[in-house]
Amino acid sequence: MTMVSYFSNHFKVGMKFIFLNQPYIIEYSNFIKPGKGQAFVRVKMRNLITEKLIDKTFKSTENLDTAEIFEKKLIYLYHENNIFYYFMYKNNFEQIIVNNKILKQKSKWLIPNYKYNITFWNQKPIFLTLPNFIKLKVLDTNLKLKSETINSNNKHAIVSNGEKIKVPSFIQIGDIVKIDVRKKKYVSREK
């Protein structure tokens, strides 16, 4: 894959590029052409290795090289010692290993046979994107917190990945619930 340079006035959300020898993705871009002076672009860009979000302003004459960064949807299989996580390509059954250093806290949201987007840079996995929603089994609902009132319509539950979430009072042990992973909140009960 050959690198292509883009001037800042062509930056788009989702564009992946190399900046200071690190892979980034643009999460927000705003082209500004003031009445006087040179046009510029304000971007919010996330480092795909450290996950740090930074604000940066580029002059309209500056350019960045796109990176050989691509995403693939792979199926999570299993892990060894919470260090090595195995994923598989659906089309050819080839497997790759992703180290927990890349996954960090996301590993508790890995469920066998779920599909996850993995970002590769120079043919190596560097980032895992969790799905927005995951279905998990309720293991316990008898949790009472000091702040809860007797008349509360919600209660706390522990789901199969160990996460504690608030659920409606009608949720029982063994129910499958849909959770918004981004907010770690209950969405619905699944049938």
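Being more than 15 Å from the chain's Cα centre (by Cα) and on the phi < 0 side of the Ramachandran plot is a property that holds for residue 169. For region 65-80, does any single residue satisfy the condition of being modelled with pLDDT under 85, surrounded by 14 or more Cβ atoms within 10 Å (Cβ to Cβ) and in a strand (DSSP E or B)? Yes, that holds for at least one residue.
Within region 124-142, identify whether any single residue is of a type outside the set (A, V, I, L, M, F, W, C), in contact (Cβ under 8 Å) with a residue 24 or more places away in the chain and within 17 Å of residue 22 (Cβ to Cβ), and answer yes or no. Yes, the conditions are met somewhere in region 124-142.
Residues in region 34-46 that are in a loop (DSSP other than H, G, I, E, B) and either touching a helix residue (DSSP H, G or I) at 6+ places or on another chain (Cβ under 9 Å) or surrounded by 15 or more Cβ atoms within 10 Å (Cβ to Cβ) (or both): 39 only. The residue that is modelled with the lowest pLDDT, counting only those in region 6-52 that are among the polar types (S, T, N, Q) and more than 23 Å from residue 127 (Cα to Cα), is 9. Taking each residue of region 178-191 that is farther than 13 Å from residue 138 by Cα and outside the structural domain of residue 107 (by TED's automatic domain parsing) and looking for partners that are of a type in the set (D, E, K, R) and assigned to a loop (DSSP other than H, G, I, E, B) with beta-carbon atoms closer than 9 Å, six or more apart or interchain, yields 184/163. Scanning region 92-105 for any residue that is exposed (fewer than 15 other Cβ atoms within 10 Å of the Cβ), touching a Lys or Arg at 6+ places or on another chain (Cβ under 9 Å) and under 19 Å from residue 24 (Cβ atoms) turns up nothing. Just one of (1) assigned to a loop (DSSP other than H, G, I, E, B); (2) in contact with a strand residue (DSSP E or B) (Cβ under 7 Å, 6 or more places away or on another chain); (3) at pLDDT 90 or above trips up residue 117, so point out which. It is condition (1) that residue 117 fails.
Here residue 14 qualifies as closer than 26 Å to residue 134 by Cβ and assigned to a loop (DSSP other than H, G, I, E, B). The listed residues are 89, 116, 85, and the only one of them that is touching a Lys or Arg at 6+ places or on another chain (Cβ under 8 Å), more than 20 Å from residue 22 (Cα to Cα) and crowded, with 17+ Cβ neighbours inside 10 Å turns out to be 116.
The values are calculated or read from the model by the stated rules, or taken from the named source; none is laboratory data. Keep in mind the model is a prediction, meaning the values are calculated, not measured. When we count neighbours, we look across all protein chains shown, and the Cβ atoms used for this are built from the backbone with ideal geometry, even at glycine.
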